[in-house]
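What follows is calculated from the coordinates using simple rules that are stated; it is not laboratory data. Note that the structure is a prediction, hence the values are computed from the model and not measured. Cβ placement follows ideal geometry from the backbone for every residue including glycine, while neighbour counts extend to all protein chains displayed.
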Amino acid sequence: MSPDHKDTLVKSSTRHTRAFKASRKRQLQNNLLLCVPALLVLALAAVGPLLIVLVYTFLEAGPYGGVVWQWSFEGWFEVFLKRDIFDGTVSIADAHLSIFWRSFKLSIQSTLLALVLGFPTAYFIATRPAATRNLWLFLITIPFWTNLLIRTFAIMQLIRDQGILNTLLIGFGVIDTPIEMLYTEFSIMLGMTYVYLPLMVLPLYASIEKLDFRLVEAAYDLYAGRLKVLFRIIVPLVKPGIVAGCILVFIPSLGAYVTPRVLGGGKNLMLGNLIELQFGQGRNWPLGAALSITLLCVVMISLLFYVRSTQRKEADRG
Amino acid sequence: MSVLRNARKLIVARAIAGNRHFAVRYLPGFSTIAVLCFVLLYAPIVALVIYSFNSGTNIALWEGFSLHWYTVAWENELVQEVTFRSLIVASMAAVTSTMLATMAALGTTRTGDYRGRMLIYATINQPLMVPEIVTGVALLIFFAIVKAFTGYHGLAYLIAAHTAFCIPFAYLPIRARLEGMDSSLETAAQDLYATPVKTFWRITLPLMWPGILAGFMLAFVISLDDVVITELVKSAGQDTLPTYMLGQLRRGITPEVNAISSALLGISILLVSLFFVLRNR
Amino acid sequence: MLSVSNVYQSCKLSDPVCSRQIAVEIQCATKVFESRTSSVTALDNVSLEIQQNEFFTLLGPSGCGKTTLLRLIAGFEHPSDGQIRLYGEDITFWPPYQRPVNTVFQNYALFPHMTVRQNISFGLEMLKRSKAEISKTVAEVLNLVRMEELAERRVSDISGGQQQRVALARALAPQPKVLLLDESLSALDYKLRQDMQIELKRLQHETGITFVFVTHDQEEALTMSDRMAVMNVGKILQVGTPGEIYNFPKQRFVAEFIGDSNFLEGYVVARSSSRAKVELSPTYCADLPADDAVQPGTRVSVAVRPEQATLTSATTAAALQGRVSNMVYFGTHTHYVIKLENGDLFTVHQQNLSGHEIEYEPGHAVGVTLNQSTMQILKD
């Protein structure tokens with residue numbers, strides 16, 4: 001053994017730590033560096049602007065749109081309240097509240113309808129043989145990736161007064177005069193269910209596909225009937241999928257813009273249209289900003305609820 | 001009464017006996033609803049496509065097959081212009097967002113846990129969580145400020161906005177691909193004398209490629225389909241195909257819009273099918 | 001020896017004098033895996049020498065650190081402390097792509113986007129060998145592993161056994177100084193594994209490359225190795241030829257892990273320079289080789305292999321006495337479990353010689369005679 005060999009052994013301990021720390025640091029730097037461009041774009045064109053929206057809620061509306069740089073709570077005030085132009089009395093903004101109420105009502109209705117239609121569909125796909133399952137899944141995904149506007153058009157075509165549905169119904173003599181479906185709340189609800197249905201089916205499918213059917217067999221073995229098996233065994237086991245699907249349909253429904261605009265015919269506004277209106281004809285940017293933040297908060301609360309429910313599920317397993 | 005009940009029992013028993021297998025997975029009515037659901041999903045689309053080949057002006061009345069409205073749409077200069085703009089925005093946004101997403105995926109996948117990684121995830125997925133209308137409003141306000149400062153009113157705003165909301169769509173398939181990749185392959189390459197740079201070009205990138213392609217196609221489709229954000233962000237005269245179609249709606253649905261929709265539908269389906277083929281490979 | 005450090009003293013290097021050259025030398029290697037919440041010591045001050053042209057096996061249960069040791073040699077991990085030397089050169093911090101060492105991975109890690117030929121030539125291309133040389137070498141190793149016909153196939157289109165051969169060929173093609181095999185046979189079924197064991201020995205013989213083989217299968221280790229090291233919880237317990245390890249286990253873990261063993265508690269009554277007298281029963285004293293640690297008046301364990309004990313009906317003359325409590329017939333031999341007088345159980349594997357009937361029924365009183373030359377005093 002040469003003397004310098006022993007020397008290296010003496011020093012090795014510090015040499016090792018230094019080498020280790022340096023390589024870890026270099027690796028971390030590389031990782032962060034790779035993320036920087038994407039984060040920069042997102043900060044500029046997604047996250048950052050949201051903060052500006054928050055600032056705008058506290059400014060005064062400009063006379064021709066835009067804002068005047070003057071602190072004001074008028075934007076938030078007008079979300080829920082309105083001031084009479086003549087005598088200045090304050091009352092509840094019932095026009096806004098009715099739009100909130102409609103947004104909630106229609107979103108919940110679409111979510112429930114999508115669940116009622118989507119659950120059997122997801123179950124149907126998940127119980128197909130493995131060879132054809134991907135095809136069925138593909139069929140569900142296709143409408144999801146096709147233009148939302150086009151699908152809304154398609155629904156519009158179907159339920160118009162002279163549309164295919166009414167023509168068929170009259171042709172078969174079921175009705176004499178066309179049922180007025182377009183430009184009603186019903187048409188918005190139907191449209192949202194239609195466009196967001198794949199978002200319900202996909203997470204449900206993911207859950208049902210993982211379901212251990214030996215548990216179902218065990219339930220039948222223990223004298224449960226079909227309905228009992230469905231509600232006591234299958235539904236509780238795929239609950240995470242149900243929650244995920246409902247959240248995924250509820251959130252975009254709440255902020256929907258295109259569907260109510262096309263199928264609501266301008267009279268049945270929803271939250272999304274109300275927001276857009278403030279930046280267009282309404283020329284009240286602070287109110288629009290405050291409404292946006294309100295919508296964002298509701299969405300975040302729903303998401304938080306979702307995260308909490310999935311975490312609890314994991315904690316139960318752990 | 002009891003006779004009737006016994007008869008029913010007998011029928012049920014016979015039915016069960018006749019069914020040689022007890023179908024564990026069967027639930028009554030589910031298949032019917034599922035089929036109904038598929039019909040519901042496709043009937044409007046199919047009707048739309050069929051009526052786009054209608055020769056008449058009235059979109060409810062079938063007057064014979066023709067490609068008339070496709071030619072009308074094709075020769076409409078305004079349609080050509082907005083289609084061209086849509087394609088430019090979509091390709092720019094898809095290319096940029098795919099590149100950024102690929103880098104970000106490399107920086108966040110298989111790296112072990114490090115501080116700030118969850119924050120990066122949240123930032124990348126932010127466009128998926130915030131309602132489109134809110135993002136649109138935010139960009140409208142932000143770009144109004146930038147426009148006032150710079151005086152620039154070009155297409156870059158639209159491209160930047162599309163790039164941002166396409167990033168998570170490009171990121172997800174790339175990350176999924178990377179996570180499914182066996183890291184021992186790269187170790188093996190290094191064992192066989194490939195330097196880290198060589199390993200990336202010869203092993204990592206070729207293996208990631210289907211994911212990158214899938215991410216690109218999703219980003220392209222998402223950008224091509226966007227209505228809400230574009231509607232809010234675009235300057236005057238910057239209509240894309242979807243916002244043009246939305247504008248046309250004020251005059252009611254014309255057969256021409258029908259034809260454009262069907263063509264766009266065809267492109268989307270083609271891209272999504274390609275995406276599926278790539279993902280399953 | 002000018003400045004002997006503490007680090008150096010704590011190392012116990014084996015005798016450097018040997019006829020063959022030392023291929024791999026591991027000096028006091030320690031590897032600690034640290035995460036935010038915990039730190040795990042995978043290797044604890046391990047020293048080892050692997051000689052040139054040797055088939056060397058690292059044997060141990062899962063999590064014993066054998067794979068970590070292999071990854072240190074390959075360069076996929078760097079030690080937290082200690083040194084790795086390859087033919088005398090310190091390679092501790094060399095990246096894997098500079099080490100003339102190749103690995104056959106547990107899951108083969110064949111590049112799925114390349115053909116068999118492209119996989120095998122990859123290493124040579126990275127070494128910037130000429131086209132002619134690459135095609136010549138690839139042809140040679142393809143011939144060596146008998147895979148010429150499948151050279152243009154995609155690696156996903158060939159069977160597990162064939163993938164194993166391609167992985168071997170790929171690692172052999174650059175003619176490494178040391179070939180590392182990480183549980184390389186464990187994914188194969190029994191028959192194929194046996195074929196590959198023979199194949200590996202043949203390849204090692206033909207190429208003259210030093211093989212370092214990691215396995216948890218003691219039978220595989222015994223049949224294939226020139227020398228082997230038994231590891232547990234990050235330490236090397238014993239290094240030696242398969243015969244040494246099997247017949248003379250130095251520690252209780254080694255005796256238990258490899259083959260079956262009976263353990264007898266004994267009392268050291270006397271010792272000479274290299275041997276000790278151990279009282280194993282009131283009637284029997286064994287004279288066994290012992291190192292300095294074994295002192296008169298202490299209690300020790302002694303290992304006896306079940307096949308090194310014989311049953312007799314003459315109970316008085318035997319070393320141990322007991323009753324048959326269980327008996328399993330295996331054809332060539334019979335396993336007996338004997339309940340000794342002190343209540344311990346003792347296993348005997350009795351050869352079934354021709355014409356012999358099963359002689360000892362459960363409940364019979366029997367004596368057990370022991371083959372003293374194969375008994376071993378153990379460290380715990």
Centroid-to-centroid separation of the stretch A:26-63 and the stretch B:155-170 [C-alpha atoms, Å]: 13 Å
Net charge of neighbours whose Cβ lies under 13 Å from the Cβ of A:Ile247, counting Lys and Arg as +1 and Asp and Glu as -1: +2
Scattering curve values for the stretch A:224-318, log₁₀ I(q)/I(0), Debye with Cα scatterers, q = 0.10, 0.23 Å⁻¹: -0.44, -1.12
Chain B, relative contact order in percent, only Cα pairs under 8 angstrom and at least six apart counted: 28 percent
Sites B:Tyr42 and A:Ile175 - FRET efficiency at Förster radius 25 Å, r taken between beta-carbons, to 0.05: 0.55
Sparse-neighbour loop sites [GluC sites (Glu not before Pro); the stretch A:169-233; at most 15 other C-beta within 10 Å; DSSP]: A:Glu180
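For A:Phe86 and B:Glu81, what is the calculated FRET efficiency with R₀ set at 35 Å and r taken between the beta-carbons, to the nearest 0.05?
Once rounded, the FRET efficiency stands at 0.10.
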Pairwise Cα inverse-distance average, inverted: Kirkwood Rh of the stretch C:260-378 (Å): 14.8 Å
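For C:Thr241 and C:Glu219, calculate 0.36 nm times their separation in residues minus their Cα-Cα distance, and state this gained length in nm to one decimal.
6.6 nm
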Value of [θ]222 nm, deg cm²/dmol, for the protein assembly as shown, DSSP H segments ≥ 4, -39500 (n - 2.57) each, nearest 500: -17500 deg cm²/dmol
Rounded tilt (10° steps) of C:116-126 against the dominant C-alpha axis of chain C: 70 degrees
Helix C:160-172 axis, angle to chain C major axis (alpha carbon atoms, nearest 10°): 70 degrees
Neighbour-count order for A:Trp145, B:Trp62, fewest beta carbons within 10 angstrom listed first: B:Trp62, A:Trp145
Fewest-first ranking of A:Met192, C:Met196, using other Cβ atoms within 10 Å as the exposure measure: C:Met196, A:Met192
Label point at C:Glu206 placed 7 Å out along Cα→Cβ; residues across the stretch C:132-150 whose backbone nitrogen lies under 17 Å: C:136-150
Distance between modelled label sites at C:Asp291 and A:Lys105, nm, 7 Å Cα→Cβ extension: 8.8 nm
Between the stretch A:134-153 and the stretch C:280-306, the Cα center-to-center distance that results, in Å: 80 Å
C:Arg252 paired with A:Asn30, simple spin-label distance in nm, labels 7 Å along Cα-to-beta-carbon: 4.7 nm
C:Asn342/B:Tyr26 FRET efficiency (R0 45 Å; Cβ-Cβ; nearest 0.05): 0.10
B:Tyr152-A:Lys210 pseudo-label distance in nm [points 7 Å out on the Cα-to-Cβ vector]: 4.6 nm
Set of the stretch C:298-332 residues, backbone N closer than 14 Å to the point 7 Å along the Cα-Cβ line of C:Gln351: C:307-311, C:332
Relative exposure of A:Leu33, B:Leu278, A:Leu106, judged by other C-beta atoms within 10 Å (fewest first): A:Leu33, B:Leu278, A:Leu106
Alpha-carbon centroid distance for the pair the stretch B:29-104 / the stretch B:181-237, whole angstrom: 27 Å
Charge-dipole axis of the stretch A:39-120 as Lys and Arg at +1 and Asp and Glu at -1 on Cβ define it, positive-most pick from A:Val47, A:Gly75, A:Ala95: A:Val47
Kirkwood-Stokes translational diffusion coefficient of chain A, alpha-carbon pairs, 37 °C, 0.692 mPa s, µm²/s: 134 µm²/s
Average other protein chain Cβ within 10 Å of Cβ, residues C:322-328: 0
Span-rule helices in chain A, defined as complete DSSP H runs reaching 15 Å or more along the axis (Cα) with Kyte mean at least 0.5: A:94-126, A:130-145, A:148-159, A:185-210, A:239-254, A:285-317
Neighbouring partner chain Cβ atoms per residue of B:193-201, average, 10 Å criterion: 4
Cα Rg, Dmax (largest Cα-Cα span) when computed across chain B, Å: 26.2, 89
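By how many nm would the segment from C:Ser39 to C:His364 lengthen if fully extended, with 0.36 nm per residue of separation less the alpha-carbon distance?
111.6 nm
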10 Å binning of all Cα-Cα separations within the stretch C:12-254, expressed as whole percents from 0 upward: 7, 31, 36, 20, 5, 0
Inter-chain Cβ neighbour average for residues C:91-103, partner chain, 10 Å: 4
Cα Rg, Dmax (largest Cα-Cα span) when computed across the protein assembly as shown, Å: 38.4, 123
